[in-house]
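The values are calculated or read from the model by the stated rules, or taken from the named source; none is laboratory data. Computed from a predicted model, the values in this text were never measured in an experiment. A quick note on method: Cβ atoms are made from the backbone with ideal geometry, for glycine too, and the neighbour counts reach across all protein chains shown. These area figures cover heavy atoms from the full protein model, side chains too; ligands, DNA and RNA do not enter into them. Shrake-Rupley method; radii C 1.70, N 1.55, O 1.52, S 1.80 Å.
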Amino acid sequence: MWLLAVTLALSLLPGSASSEPSDPPPAAASIFADLTPSELRSVRSFLLGRPELGLSPSRGGPLAKNSVFLVELLPPEKLSALRFLDGGGPRPPRLARAVLFFGAQAHPNVTEVAVGPLPRPRWYRPLRFKGGRSVAFAARPMTAAEYELLHEALAEALAPLERLLRDATGFRYHRNCSRRCLTFSDIAPRGLAPGERRTWLVLQRFVEGFYLHPVGLEVLLDHADPEPRRWAVRQLWYNGRYFSSPRELAESYERGELALARLPEPPSRRLFSTYEPRGRFSTGTPTAVHGAKVCEPQGRRYRLRGNQLEYGGWSLAFRLRSSAGLQLFDLRFNGERVAFEVSVQEAVAFYGGHSPAAMQTKYMDAGWGMGAVAYELARGIDCPDTAAYLDVHHLYDADAPARFSRAVCVFELPTGVPLRRHFDSDYQGGFNFYAGLEGQALVLRTTSTVYNYDYIWDFLLYPNGVMEAKVHATGYIHATFYTPQGRRYGSRVHSHVLGNLHTHLVHYKVDLDVAGTENSFETMDVRFENISNPWSPGAR
């Protein structure tokens, strides 16, 4: 939605609290470390200095331009990394991956390039996809500039509906709307066929938790043309009916033929969608006091040096890539590598619904840069008070690197379950012995706030050699306007709100190197075998 531009701007401001200082990483881990701010700047400056690319600044100017959208580390290829890590081979060159938008040419496209070597790049080369296909310009990710243009185009298109929206909602879609503004959420994919870029926009009241305040109007805006003056509304949906234009919808209302969905005035306090605690538990147990906390009575039992993390038998390198999030490399237990890479790749959500926006929604969240929406973690809530915090830097839809303070945290956590235990009974009312081991795990955590959803990403290291990947989904549901027909595709969660049925798919890359690289993966099925009992003839 268009207010995303404000959020992105905030990430450029100095952080309220910096992470604690960390020692430099060892040489092995440093080949996987994210690009530093100076490296990000050097890559961007090098690319903008190449006259054949014709690149312009990302912010400002037309959409039909050539620009740098993203710069991040291009990790070394596995074979060269292993030669360096294990065989005393040369250190792999440090490279960057850059995503370039080429909108100012005869065949607009999105191109990825490798840039190197860092810290002083001298060359670039295209990164090819299978089949040699290029990515169409219409399939590019959204930028803050395009969101702002969407807002302006929508405000102009909705001018004929100002009376309808005021009568139905008491709010306006206008820049000068004071505290009674409407906003929108956009959905993806942006079309039904290659080359399309038309998006269903869900209008909502702009109040706290606006995701839960749809007003019943959804607008299909075609913004495929690089010239915003040629953008147009192709269709509208209001309270269960389709209309071909805003004028048609307005005239239907003026003739009294429209079933107007009048929304009640939102309360000034205790709005149902806020995070303000309210209500009481029936038991009367205390809630206004602190709950249990994590403590480290004898200090930390892990070591953090740059992007290398060590805990018990575990050692690994990690990074937070702008495009997709946490990525672990060279995972070892007691010095033996068990995986070369374990990383988050994608989070997908498929929705069903009766409204066009709901039935079209199939989010692929890496398209919103899951790593670049990892904001500051709250001490004592997002991570324990004892956690160590790390800042990260991104160059994503911007003309300079942005520092995201305290976007990653590390902490040891009691699991609440013994790692192992046994009570050895003598079966005569006594026991021979009891033995048990405390259950603890080290947690590496970040978050991704992708629109309404907040994903909490965890990698947990256990002292017995187990590594666990975990994701928690929280935030707000992606909701649409309630109609009776919508009950087939969700649950009515408030008077005018439908919680739509949906499915989450989370994708990880797991490159196991147990007992070396020459291994394979297979699944085994179990079936019943009906045989004669060898010690009891006739039985089976």
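Observations on the structure shown:
- Under-27-angstrom lysine pairs by C-alpha in the chain, whenever the two are 8 or more apart or on separate chains: 10
- Less than 5 angstrom separates the built amide H of VAL338 from those of LEU331, ARG332, PHE333, all sequence-distant by 5 or more or on a different chain.
- Low-density loop cleavage sites - chymotrypsin sites (Phe, Trp or Tyr not before Pro) in the range 415-470, where at most 13 other Cβ are within 10 Å (DSSP): TYR427
- Per residue, the accessible area of the chain comes to 52 Å², computed with a 1.4 Å probe over protein heavy atoms only.
- For the range 361-374, Karplus couplings with θ = phi - 60° (6.51, -1.76, 1.60), whole Hz, Gly/Pro x: 5, 9, 6, 10, 6, 5, x, 9, x, 4, x, 7, 10, 9
- Here is the tail figure for the range 27-139: Cα pairs spaced more than 24 Å apart come to 32 percent of all pairs.
- Those GluC sites (Glu not before Pro) in the range 233-323 that DSSP places in a loop and that have at most 12 other beta carbons within 10 Å: GLU257
- Solvent-accessible surface ranking, highest first, for ASP382, ASP330 at 1.4 angstrom: ASP382, ASP330
- Loop-located trypsin sites (Lys or Arg not before Pro) in the range 103-154 (DSSP state other than H, G, I, E, B) with a sparse environment of at most 16 neighbouring Cβ atoms within 10 Å: ARG122, ARG128, ARG133.
- Residues whose placed amide H lies under 5 Å from that of SER56, excluding near-sequence neighbours: ASN66, SER67, VAL68
- Within the range 144-255, DSSP assigns beta bridges of which about 95% are antiparallel (rounded to the nearest 5).
- Crossing angle, helix 144-157 versus the chain [Cα axis fit, 0-90 degrees, rounded to tens]: 30
- Debye, to nearest 20: dipole size of the chain, +1 on Lys, Arg Cβ, -1 on Asp, Glu Cβ: 940
- Cα gyration tensor shape for the chain, rounded if a/c is under 1.5, else prolate or oblate: oblate
- Here the gap between GLN235 and ARG179, fully extended at 0.36 nm per residue and compared with their Cα-Cα distance, gives a gain of 17.3 nm.
- Each residue of the range 85-96 is assigned a 3J(HN,Hα), and the resulting list reads 6, 10, x, x, x, x, 5, x, x, 8, 10, 10 Hz, derived from the Karplus form 6.51 cos²θ - 1.76 cosθ + 1.60 (θ = phi - 60°), x at Gly and Pro.
- For the range 104-114, putting each phi into the Karplus relation 6.51 cos²θ - 1.76 cosθ + 1.60 with θ = phi - 60° gives couplings of 9, 8, 4, 10, x, 7, 10, 10, 9, 10, 8 Hz, in residue order, rounded to whole numbers and with x for Gly and Pro.
- Under 5 Å between amide hydrogens, built in the peptide plane, is the criterion, and for VAL135 it picks out VAL110 among residues at least 5 positions away or on other chains.
- Global form of the range 224-296, assessed from the alpha-carbon gyration tensor, a/c cut-off 1.5: oblate
- Comparing LEU74, GLY132, SER30 along the charge dipole axis of the range 27-139, the residue lying farthest to the positive side is GLY132, per the Cβ-charge model.
- Measuring only protein heavy atoms, the 1.4 Å probe finds LEU437 accessible over about 100 Å².
- Residues THR283, THR474 ordered from highest to lowest accessible area at a 1.4 Å probe: THR283, THR474.
- Across the chain, the relative contact order, built from alpha-carbon pairs under 8 Å that are at least six residues apart, equals 14 percent.
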